[in-house]
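Worksheet: the structure to be examined is printed underneath.
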Amino acid sequence: MKVFKFTAVALLMAAQFVSAQFKQTPLPYAYNALEGSVDAQTMEIHYTKHAAGYVNNLNKAIAGTPLEKESLEKILSHISKESTTIRNNAGGHYNHELFWTMLTAEKNTQPSDKLTKAINETFESLDNFKKEISKAGADRFGSGWAWLVVTPQKKLVITSTANQDNSLMDIAEVKGTPILGIDVWEHAYYLKYQNKGADYLSAIWNVLNWKEVSKRYESAVK
Ligand code: MN
């Protein structure tokens, strides 16, 4: 009996292990590292509750299906054929994994020379770029994201998506590689900023990880 129980538990654990295909990358800084721009409580709830929810629900939804063997990018590329649950949670997992790397406690990181040149050519100046992407975020009605995307033609484009959609999805209006993403869901800022989403969008630049955005840009235009 004891042996049976042990076997059953072991099998159950093994089954959970197999189906838990995707997981969260540890946050690369402390919850309170971005205080002043993003408060510790928001970071903790965002990472341990909201983002954890997306990956858990994604793993549940794909358990026992062929999607278990696919990469997240691959799943997003044919998302129009999948359920809304998979669309929301696969997008949610991808977007948040990217978002944590968009932020840093390191002060005054700067876009690389190559990215600066592309931003100046496309948006006139870095300040104007910030204004335009913040506007894309502020104009997003309801929950969603503001993005800087490298298109298949290697051009920079600002876009925004609803819910947890992104430009890797086959249903996206603007397709390409997201290199900068700003979460404009209320859960990303409400505890500190309440209805003042514009203040969140202006404070985010103090903790933006331009090194990471530049790295993503350079790999997307290769
Ligand atoms: Mn979020």
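A few remarks follow.
- Pair list, Cβ under 6 Å, 6 or more apart: region 44-55 residue more than 14 Å from F99 (Cβ to Cβ) and open to solvent by 20 Å² or more (accessible area, probe 1.4 Å), other residue more than 11 Å from the ligand (Cβ to nearest atom) and not charged (D, E, K, R): E44/Y31
- Within region 168-191, tally of residues that are more than 14 Å from the ligand (Cβ to nearest atom) and at negative phi: 12
- Within region 77-117, the residues that satisfy the criterion of being assigned to a helix (DSSP H, G or I), among the hydroxyl-bearing types (S, T, Y) and farther than 20 Å from N128 by Cα are S77, S80, T84, T85, Y94, T101.
- Residue within region 84-98 that is within 16 Å of the ligand (Cβ to nearest atom), closer than 28 Å to L191 by Cα and in contact with a His (Cβ under 6 Å, 6 or more places away or on another chain) present: no
- Screening I204 against (1) open to solvent by 50 Å² or more (accessible area, probe 1.4 Å); (2) of a type in the set (A, V, I, L, M, F, W, C); (3) touching a Ser or Thr at 6+ places or on another chain (Cβ under 7 Å); (4) part of a helix (DSSP H, G or I) leaves a single unmet condition, (1).
- Some residue of region 177-188 being open to solvent by 30 Å² or more (accessible area, probe 1.4 Å), assigned to a loop (DSSP other than H, G, I, E, B) and either touching a residue at least 12 places away in the same chain (Cβ under 8 Å) or within 24 Å of A33 (Cα to Cα) (or both): yes
The values are calculated or read from the model by the stated rules, or taken from the named source; none is laboratory data. Quick caveat, the model's predicted, so the values are computed rather than measured. Every residue, glycine among them, receives a Cβ derived from its backbone with ideal geometry; neighbour counts consider all protein chains shown. Calculation scope for accessible area: heavy atoms of the full protein, side chains included, ligands and nucleic acids excluded. Shrake-Rupley method; radii C 1.70, N 1.55, O 1.52, S 1.80 Å.
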